[in-house]
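Data first, discussion second: the structure below is written as structure tokens.
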Amino acid sequence: MAIRLQIIIGILLVFAIAVIINMIRKKKFDLRYALSWLFMLVIALVLDIFPNIVFEFARLIGIDIPSNMVFLVGLIFSIILIFSTAVSVSKMSDKIKRLTQELALLQKELDELKASEDR
């Protein structure tokens, strides 16, 4: 890989890491979700600085073209991220349902109290 391209990619990765850290600091991004992104960005930065790691790892697991390994790792990371997000959404959906039911019961109690006071 050309050194210019490595430098540009490195700068972009450092910028992305800084943006995520800033979003965590301002509480715009939950740390639980940000950690996976930070982990992925740090790994990408290490691979950008030491590109021979990609070549050696691809050769070790039997992938002929190192860029195919990068795409495979990206696909696996995407699947893991989508799965963890789906689990979180499912949990939040259950919590929202429970809160809605509790709110409805409280509203019913409040309406009954108002009705008994009016009598």
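Just a few scattered comments:
- A search for C-beta distances below 9 Å between a residue of region 11-27 that is in contact (Cβ under 8 Å) with a residue 12 or more places away in the chain and any residue that is part of a helix (DSSP H, G or I) and of a type in the set (Gly, Ala, Ser), counting only pairs 6+ apart in sequence or on different chains, returns LEU13/ALA44; ALA16/ALA44; ILE20/ALA34; ILE21/ALA34.
- Taking each residue of region 33-53 that is under 15 Å from PRO66 (Cβ atoms) and looking for partners that are of a type outside the set (Val, Ile, Thr) and open to solvent by less than 70 Å² (accessible area, probe 1.4 Å) with beta-carbon atoms closer than 6 Å, six or more apart or interchain, yields ALA44/LEU13; ASP48/GLN6; ASP48/GLY10; ILE53/LEU47.
- One residue alone among SER67, SER36, SER88 is polar (S, T, N, Q) and more than 29 Å from LEU5 (Cβ to Cβ), and that residue is SER88.
- Checked against the criterion of being within 30 Å of ALA2 (Cβ to Cβ), modelled with pLDDT under 95 and of a type in the set (Val, Ile, Thr), the candidates VAL73, VAL14 yield just one match: VAL73.
- Taking the numbered list (1) modelled with pLDDT under 90; (2) touching a Leu at 6+ places or on another chain (Cβ under 7 Å) in turn, LEU41 passes all entries but (1).
The values are calculated or read from the model by the stated rules, or taken from the named source; none is laboratory data. Small disclaimer: the values here were computed from a predicted structure and weren't measured. Glycine also receives a Cβ, built like all others from the backbone with ideal geometry; neighbour counts cover every protein chain displayed. The area values use the complete protein model at the heavy-atom level, side chains included, leaving out ligands, DNA and RNA. Shrake-Rupley method; radii C 1.70, N 1.55, O 1.52, S 1.80 Å.
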